[in-house]
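The values are calculated or read from the model by the stated rules, or taken from the named source; none is laboratory data. Predicted model, so just to flag it, every value in this text is computed and none were measured. Positions of Cβ are backbone-derived with ideal geometry, glycine not excepted, and every protein chain shown enters the neighbour counts.
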Amino acid sequence: MTKEKKVSITIDNRKVEAKAKTTILQAARDNNIDIPSLCALEHLPSYGACRLCVVEVDGIRGFPTSCTTPVEDGMVIRTDTAEVRTLRQEVLKLLLSEHPASCLFCEEQTDCKNFQGTIRKVGVTTGCRYCPNDDMCELQEVTKKVGLTETSYPVYYRNFPVEKEDPFYDRDYNLCLLCGRCVRVCNDVRLNGTLSFKQRGKMTTIGPAFGRSHLEAGCEFCGACVAVCPTGALSAKASKWSGKPDEVVESTCPYCPIGCTLDLKVKAGEVVDVSADYDSPTEHGLICVKGRFAIPEYVLSPDRLARPTILKPEGYDFLPWEEALDEAAAKLKAAGPKNTFVVVSPQLSNEDLFVAQRFAREVIGTEAILSSVIFDLGSDLRSFVDLVVMSEQIDTIEETKGILTIGLDTTYGFTPLGIAVKKAAKKGAILVTVSEHECNLDMLSEEAFQSDAAKWPEFMDGIMKSMSGNGTRKSKAAAPLFKKGDRNVVIIGPDAVFSGKRKEIFERVLAMRDNLGWKVIVCHPYTNLMGMLAMGALPGLKPGGLKSDGVLKLKDPAGVVDLKQNRKVGYFIGEAPSPEMPKCEYLIYENALPAPSGFDPNLILPAGLFTESPGTTISSEGKILTFNRASAPFAESKPDWWIISGIAARMKKGALKYSSLAAIQSEIKKSIPGFSGKERRVPRKKVVMEGKAAAAGNPFGPCRDAAAPAAFRGVPLHDHVAGMKAIEERRHK
Amino acid sequence: MREYGLLGSNILDSDFSFEIKIKEGAGAFVCGEETALIGSIEGKRGMPRSRPPFPAIAGLFGSPTIINNVETLGTLPNILRNGPDWYTRFGKEGNRGTKTFSLVGKIRRPGLIEVQLGTTLREIIFDIGGGVQKPFKAIQTGGPSGGCLSEEFLDLTVDYESLASAGSIMGSGGLIVMDEDTCIVDLAKYFLDFTQKESCGKCVPCRVGTKHILEILQRITEGEGSPDDLLALRTLGDTIKKGALCGLGQTAPNPVLTTLRYFRNEYLEHIKDHTCRATVCKSLIEYRVIKEKCTGCQSCVRVCPTGAITGPRSEPHNLDASKCIKCRSCYEICRYDAIAGDAIVIRTAERQS
């Protein structure tokens, strides 16, 4: 590693070292010299609008802003002269005259809080105590730092209407300082370009151009703007009035296999808000709307299942856990292994999956460990798993020369990947998008093909032919774009995975990968599919399915168990029944939220969610990631593994005696490769089909041929997260 | 030029290629600032950015960029044709060459002029411009963000340093001549209104500071000012000059600061006596009919848009102050009785009389 270049500068008579090319502000902060600033923020390009970080530099006229001026060797900087202090105070006075901040200079300060029962949630914010951002406001901090105790200018309330129409966050531009952080994060970090400055002079404000709503303007609702806003101008609807969080717990997003790191903000024992982690190596903080906004409302849904419930002839009735477990065990035992099936969710944690498959195999004695993956993908499961297991890392995208996306739109999901594609395309990579409708990546693409999914395989044939030299007429335009030998990546989106032509598409992607050296990335909703493979939570697949040599031997589930056979008892763990799944006379439903209407479970076992019961998951890159506990279990809900072990103990003496998560984890460590090493990564090298494939075609009737709405544990997010409704509506427009 | 092979690739079969591309802006004042200009050409919002890096290092699309005014480029052919010695004959030490000005305002011969640097303002106004009809009061140099100079500066030579020392700038080369009909506070307000509207809104001192200055000036012209306002104007002006990001902000307070310096009395008159000697500030003036002089010609009755003036022919008219919108029409038209003078007068400081 080359040593970073350093320069030596003098700040306030102190000789310090600074990284070359860094700004004065950064250099000062690195050396614990504090310069007040509002518009500068790490990860954002410098801007120089707030003028609070002014300093004096020998040889530079006037008062340069330290956030924009790069350091030079031998620079002499003074950050705290009388003149600089006065200028800062004057500028801050001006700033505060645009911001309703009467509380800052109020003699009573926080005394009014005692009488605040109802006045806080006023429609118009006129001071700090009426602002959702009170106590978290950077302007309050800066005012303290600059030492301003009074102001001489009148406050101009700009009288902008508070914007509440869009989902997820409200905007009160009367509080806006125009620091431009939101505009910069939207344009320069998220590469989305929804926000910009509008008007000029005192009319300057922020928003999408041409007066469109954020939804219309293509906002991803990633909430990055809300996170960077130093004031209460932008605030998340759900967490607006919850105040300063008590603690922040780092965890993993459970909604898709990318596995973004999330910082869960906990207030009074509840997860109220989520923020991104810009230092996370996988997604670099570029989380999507689901991770950012769909978690608190889901885990705190008023519909959460609170207590074990049983269906009796006269209706549902609560019962204690002991009785509920007895009931489940009795029903499962009575039905016997041939007449029972277990359904697991691909969104369970590794630990839950491990216990669930042991339960099915060792306690019940069946291989019928079913899951939505099997029913959604049918006979294409093998090629799908092959592509998924061998999926490349997101970082691959940045270094590629050619990118082909098929059925991918990253507006409301897979955003880290979408942004990597945009970055690569901006850097000069050739991007070709194939989709049914306009997609968010079209803008930067060399060619954007919009056609019915039925034509996609043909189009891919054209690309392959052109790469081997015989271009067909049909795809002539795209043909010469990709060259053999270049680093190319093909990204398959959910619209391709759930299209009627997926069999043909998978075949072609496999051919592109195996014959032409394309890298492949698959975007799919099965969060812990890798965990299912590693834990052996599929029929005919034993734990440790991903062997230490990286070879996965997969059997066709249809060849192992009869997938169409209706049975007496069905045990759904974190999954909701769907019409494709076999029917059962007695339905045990273990989940956190109620099943969709039309299915009436006979026994309901309330399960904890990832914010309450910790565990691990495996990302599509094979990394083992952790869910950390952020809050206490909801009501009487219990972790999935606890419920399963409880039933097991009642069915078979001494079976699955797990008393803690650690016990499961140590067992996993012993039996599953990848978990014991330091790298925390499961091996993956090759997928081979073992045994006979079931009859060609899909044995379950029509397979799923449209991407379903975003769901978690079988429950659509939009049923419980208000804003997701608007998102789903827009997606289907 | 392209037709003749003087522009494009391989000019006159040489290996020298040169392209000219004219890009129209949307007309924002701030886009005269070089970094905002670059942003505007790049298709972004015309907003200045901080330097360094200077455009000469990283400018348009990140490439080194030289920015010149059309005027600069316009002088090049002459210099190339006649040589540098010829050019340095003009001007004075340190300020060589000529400069074009747009000479406008209350002057007999307005127009575009080109003078040697070092010419005095007196020469420009009274020789070239032909003088002023009414007594000369002030001259605004350098456009909306320049400074306003009083009579005592008439012998100031026009060059970069002298103008700067007087608190003004060469700026865009605008020279606006004013006579005693111009109210100096109103003038400052007018320019601040312009710069305030044209501020891009990026940096705080310019966006908010100009707004406050304008508010204070507004108050003063309405007779609501207080002596403290002058200090506030001064502080605001200094803050904006020191704190603003770009040239627009740094020069925007110039009209206020220079008028405060050279016409302080007029500000004080507005504040203390509630008079506007140029009879411009509407809140401080009142229109009246002088009964002794009025011939009852009814010219004013015809032009009054609100019907504030009434009265039969040949009898002194009445002016209803509550209907009067102070549009000045009656004052302008009342010229009938040349001997008796204007029958309609504008009085100021009515509050005190």
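State yes or no: is residue B:63 away from chain A (no Cβ under 12 Å) and either among the polar types (S, T, N, Q) or touching a Gly at 6+ places or on another chain (Cβ under 9 Å) (or both)?
It is true that residue B:63 is away from chain A (no Cβ under 12 Å) and either among the polar types (S, T, N, Q) or touching a Gly at 6+ places or on another chain (Cβ under 9 Å) (or both).
Given the criteria aromatic (Phe, Trp, Tyr) and touching a residue at least 60 places away in the same chain (Cβ under 8 Å), does residue A:658 qualify?
The answer is yes for residue A:658.
Within the bounds of the range A:289-296, is there any residue that is in contact (Cβ under 8 Å) with a residue 40 or more places away in the chain and surrounded by fewer than 20 Cβ atoms within 10 Å (Cβ to Cβ)? Spell out how you get there, then give the answer.
Just the residues of the range A:289-296 that are in contact (Cβ under 8 Å) with a residue 40 or more places away in the chain, to begin with: A:289-290, A:292-296.
Within this subset, residues satisfying the condition of being surrounded by fewer than 20 Cβ atoms within 10 Å (Cβ to Cβ) are none.
Taking every residue of the range A:289-296 in turn, none turns out to be in contact (Cβ under 8 Å) with a residue 40 or more places away in the chain and surrounded by fewer than 20 Cβ atoms within 10 Å (Cβ to Cβ).
Just checking, does the range A:643-660 include any residue being closer than 25 Å to residue A:263 by Cα, surrounded by 19 or more Cβ atoms within 10 Å (Cβ to Cβ) and hydrophobic (A, V, I, L, M, F, W, C)?
Scanning the range A:643-660, I find no residue that is closer than 25 Å to residue A:263 by Cα, surrounded by 19 or more Cβ atoms within 10 Å (Cβ to Cβ) and hydrophobic (A, V, I, L, M, F, W, C), so the answer is no.
Determine, yes or no, whether residue A:37 is farther than 25 Å from residue A:276 by Cβ and touching a residue at least 60 places away in the same chain (Cβ under 8 Å). Lay out the reasoning, then the answer.
On the way: farther than 25 Å from residue A:276 by Cβ: no; touching a residue at least 60 places away in the same chain (Cβ under 8 Å): yes.
Against the criterion (farther than 25 Å from residue A:276 by Cβ and touching a residue at least 60 places away in the same chain (Cβ under 8 Å)), residue A:37 does not qualify.
What are the residues in the range A:64-98 that are more than 10 Å from every other protein chain (Cβ to nearest Cβ) and not β-branched (Val, Ile, Thr), if any?
Residues of the range A:64-98 more than 10 Å from every other protein chain (Cβ to nearest Cβ): A:66, A:71, A:73-82, A:85.
Passing the criteria: A:66, A:73, A:74, A:75, A:78, A:80, A:82, A:85.
Based on what the data block shows, is residue A:142 touching a residue at least 12 places away in the same chain (Cβ under 8 Å) and within 11 Å of chain B (Cβ to nearest Cβ)?
no
Just to be sure, is residue A:554 over 27 Å from the mean Cα position of the chain (by Cα), free of Cβ contacts under 8 Å to residues at least 24 places away in the same chain and crowded, with 18+ Cβ neighbours inside 10 Å?
no
Which one of these is surrounded by 23 or more Cβ atoms within 10 Å (Cβ to Cβ) and within 14 Å of chain B (Cβ to nearest Cβ): A:257, A:208, A:230?
A:230
Just give me the residues in the range A:42-55 being touching a Phe, Trp or Tyr at 6+ places or on another chain (Cβ under 9 Å), farther than 18 Å from residue A:96 by Cα and buried (at least 18 other Cβ atoms within 10 Å of the Cβ), in sequence order.
A:55
Take the conditions basic (Lys, Arg), closer than 25 Å to residue A:204 by Cβ and either assigned by TED's automatic domain parsing to the domain that holds residue A:227 or touching a residue at least 24 places away in the same chain (Cβ under 8 Å) (or both) and apply them to residue A:51. Does it pass?
Judged against the criteria, residue A:51 is a match.
Before we move on, is residue A:335 in the same structural domain as residue A:582 (by TED's automatic domain parsing), touching a strand residue (DSSP E or B) at 6+ places or on another chain (Cβ under 8 Å) and within 26 Å of residue A:605 (Cβ to Cβ)?
yes
Across the range B:202-240, which residue is nearest to residue B:260 (Cα to Cα) among those that are at the interface with chain A (Cβ under 7 Å from one of its Cβ atoms) and outside any helix (DSSP H, G or I)?
Going through the qualifying residues, I end up with B:203.
Taking only the range B:164-192 into account, find how many residues are under 11 Å from the mean Cα position of the chain (by Cα) and at pLDDT 90 or above.
Matching residues across the range B:164-192 total 11.
Condition first: part of a loop (DSSP other than H, G, I, E, B) and over 17 Å from residue A:171 (Cα atoms). Now tell me which residues in the range A:123-143 satisfy that.
A:135
In the range A:87-109, is there at least one residue being closer than 24 Å to residue B:200 by Cβ, free of Cβ contacts under 8 Å to residues at least 40 places away in the same chain and surrounded by fewer than 17 Cβ atoms within 10 Å (Cβ to Cβ)?
No, there is no match, as no residue in the range A:87-109 is closer than 24 Å to residue B:200 by Cβ, free of Cβ contacts under 8 Å to residues at least 40 places away in the same chain and surrounded by fewer than 17 Cβ atoms within 10 Å (Cβ to Cβ).
Among the numbered criteria (1) away from chain B (no Cβ under 13 Å); (2) over 22 Å from residue A:94 (Cβ atoms); (3) assigned to a helix (DSSP H, G or I), which one does residue A:166 miss?
If we test residue A:166 against (1) away from chain B (no Cβ under 13 Å); (2) over 22 Å from residue A:94 (Cβ atoms); (3) assigned to a helix (DSSP H, G or I), just (3) comes out false.
Kindly check whether there is at least one residue in the range A:497-519 that is in a helix (DSSP H, G or I), surrounded by 22 or more Cβ atoms within 10 Å (Cβ to Cβ), touching a His at 6+ places or on another chain (Cβ under 7 Å) and assigned by TED's automatic domain parsing to the domain that holds residue A:408.
There is at least one residue in the range A:497-519 that is in a helix (DSSP H, G or I), surrounded by 22 or more Cβ atoms within 10 Å (Cβ to Cβ), touching a His at 6+ places or on another chain (Cβ under 7 Å) and assigned by TED's automatic domain parsing to the domain that holds residue A:408.
How about the range B:1-51: which of its residues are among the hydrophobic types (A, V, I, L, M, F, W, C) and surrounded by 13 or more Cβ atoms within 10 Å (Cβ to Cβ)?
Listed by number, the residues that qualify are B:7, B:11, B:28, B:29, B:30, B:31, B:36, B:37, B:38, B:41, B:47.
I'd like the residue in the range B:70-124 that is more than 20 Å from the chain's Cα centre (by Cα) and of a type in the set (Gly, Ala, Ser) and, out of all such residues, is farthest from residue B:154 (Cα to Cα).
Filtering the range B:70-124 for residues that are more than 20 Å from the chain's Cα centre (by Cα) and of a type in the set (Gly, Ala, Ser), the one farthest from residue B:154 (Cα to Cα) comes out as B:83.
Scan the range A:185-199 and give yes if some residue there is within 12 Å of chain B (Cβ to nearest Cβ), crowded, with 22+ Cβ neighbours inside 10 Å and at negative phi, otherwise no.
Yes, the conditions are met somewhere in the range A:185-199.
How many of the residues making up the range A:54-63 are in contact with a helix residue (DSSP H, G or I) (Cβ under 7 Å, 6 or more places away or on another chain) and more than 8 Å from chain B (Cβ to nearest Cβ)?
2
How many of the residues in the range A:435-448 are without any contact (Cβ under 8 Å) to a residue 40 or more places away in the chain and under 21 Å from residue A:730 (Cα atoms)?
7
Pick from the range B:157-195 the residues that are surrounded by fewer than 23 Cβ atoms within 10 Å (Cβ to Cβ) and within 14 Å of chain A (Cβ to nearest Cβ): which of them is nearest to residue B:39 (Cα to Cα)?
B:194
Taking only pairs six or more apart or across chains, which ones have beta-carbon atoms under 8 Å, a first residue in the range A:356-380 that is closer than 16 Å to residue A:560 by Cα, and a second residue that is acidic (Asp, Glu)?
A:360/A:367; A:361/A:367; A:371/A:575; A:375/A:580; A:379/A:556
Inside the range B:160-174, can you point out the residues that are in contact (Cβ under 8 Å) with a residue 12 or more places away in the chain and out of contact with any helix residue (DSSP H, G or I) (no Cβ under 7 Å at 6 or more places or on another chain)?
B:160, B:161, B:163, B:173
Within the range A:382-410, work out how many residues are touching a strand residue (DSSP E or B) at 6+ places or on another chain (Cβ under 8 Å) and part of a helix (DSSP H, G or I).
9
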